[in-house]
Amino acid sequence: MNERLQFKILSTISILIISLSVIVFSVGIYMYSNLGKLGTDLPVESVDQVRNVANIMPLISELSLNLDAIVANNQKIDWGNLGFTNSKIKVTLGLIKLDFSGKPPYNLTTILDEISFLSEDLDRMISENTSLGTTDAILVKNEIEYIYSELRDYILRINNATLTVLEKQKNEIEKLKDAMLLFSLIALGAATLTFILLMNQKKILKQLEKTRGIAIANSNAKSEFLSNMSHEIRTPMNAIIGLTYLALKTNLTPSQRDYLKRIQISSQHLMGIINDILDFSKIEAGKMSLECIPFELEKVLDNVANLTAEKASAKGLELIFVMDSDVPNHLLGDPLRLGQVLINYANNAVKFTEKGEISIHIHVKNNTESDVLLYFEVRDTGVGISEDHKRQLFHSFQQADNSVTRRYGGTGLGLAISKKLSEMMGGDVGVESVFGQGSTFWFTALLGKSNEKQRSYVPVPDLRGLRVLVVDDNEHARAVITDMLESMTFRVTPVSSGARSS
């Protein structure tokens, strides 16, 4: 069984387990809510509420028996026995009200009130030692029998209502019992599937680990191959570039010189591709390391200018560097890799810009005592990038559009390498672009501060404060030159042309 099929089977089992677990959980909630309702529909809340009502019935019957003796034999009333029975009735009345927290149901309240009135009448008769005739005894007996029948009817209603509720709840419990059996079987199935999954987990993990090891080995072999091949190709390419340079210094016919220049340009372009492949393979293999040495940022920018100015000038583009005054010049880091990212950005800007300018800006994004986070951006006025194509940038072998490779050339590795290098320097990369109006590629780098004292550019005293005329047809370049001269104490008058200087 291949790994893809195993993965699909395990995914299906996992989904089944989750589904069954959700079903069992839902049934558990349903059963919990329904079992919680058992007993809530009963007509009384506790057994005591029925027991004390039933206890008062024999006492009422005892009163009736005493009065029966009076009616039948015209006997004298035994007020002592009658008073004792009446006192027990009053105690039981208090217990009944206590059982219902002072709020018995309406139909029972009426009966209890009648018992209370009867008890009060008996208390009065006992205290006055009143003789009770046969007629009065019959009236009292009839009242007692009425109360007794009301109590009996109340108990019967309670019993009937309780039996109805219990029958209903019995049926509900039967249904819940069937549901519990069904979903117990479902839970057992889920447990079985889980057991099967756990039994295969170790085997699958071993296979995944083996596959991962093979993939890592293949990746390392590929990176090693690319690295070795790049080194093998660079050696003869350096010879071609060097010998072409020497040949151009000899006496050549125009055609020979043209051919050699084409060889030189193509060789340098191929060397750039080889260098990108070598750097990429080093990064992929984890063998790329950064230096941390003192360097001057101005020298890095000067090197960027030397490598890109000729290309920009050939296309009639302005190349402008703008560095904020608070950006430190003496830093600690890897100047070669920092310059590599800037050169890559600048070369791309020149490649995709037909007219206008290329400007490189450097700002301080965060500053501490020991290090500084610098923000570099390269702006151009070129073709721009659409929103859909932005997402493809900074990935290996990807360019904004497939037609770009055919028109401008390139492997698509430059931005991927720049992203990796920026991340290794503790920063990030990004792009902002409007299609047809140009692009701004930026990156950040966390660099250490050097202890070397920063230099300040101030002219000799005789030149300080003098007026300087700046003439440049590019507004951006004119502003940069003006700021630089004003920082050196000059009084600057910027104009766009010689005609405007008069």
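Determine which lysines satisfy two conditions relative to Lys299: a Cα distance under 19 Å, and not lying fewer than 8 residues away in the same chain. In chain and number order, the partners are Lys449, Lys453. Taking amide H atoms as placed 1.01 Å from N in the peptide plane, the amide H of Glu357 lies under 5 Å from those of Glu318, Thr381, each 5 or more residues away in sequence or on another chain.
For Phe490, the amide hydrogen comes within under 5 Å of the amide hydrogens of Gly465, counting only partners 5 or more places away or on other chains and with H modelled in the peptide plane.
For the residue pairs Lys203/Lys287; Lys287/Lys420; Lys282/Lys311; Lys90/Lys141; Lys282/Lys419; Lys206/Lys282, the alpha carbons lie more than 23 Å apart in Lys203/Lys287; Lys282/Lys311; Lys206/Lys282.
To the nearest 0.05, how large is the calculated FRET efficiency for Lys175 and Phe195 if R₀ is 41 Å and r is the Cβ-Cβ distance? Efficiency computed from Cβ-Cβ geometry: 0.85.
Given the peptides 149-157, 338-346, 436-444, arrange them by the average over their residues of other C-beta atoms within 10 Å, most packed first.
338-346, 436-444, 149-157
Cross-link partners among aspartates and glutamates for Lys168, C-alpha distance below 14 Å, same-chain residues fewer than 8 apart left out? Straight-line reach from Lys168, under 14 Å: Asp41. Ranked by the mean number of other Cβ atoms within 10 Å of their residues, highest first, the peptides 350-356, 413-419 come out as 413-419, 350-356. If the cut-off is a Cα-Cα distance under 13 Å, which aspartates and glutamates reach Lys97, setting aside same-chain residues fewer than 8 apart in sequence? Counting by Cα, and skipping residues close in sequence, Lys97 has these aspartates and glutamates nearby: Asp48, Asp113.
Computed from the coordinates by the stated procedures, all read-outs in this text should not be read as laboratory data. Predicted model only: the values in this text are computed from it and were never measured. Here the Cβ is made from the backbone with ideal geometry for all residues, glycine too, and neighbour counts use every protein chain on show.
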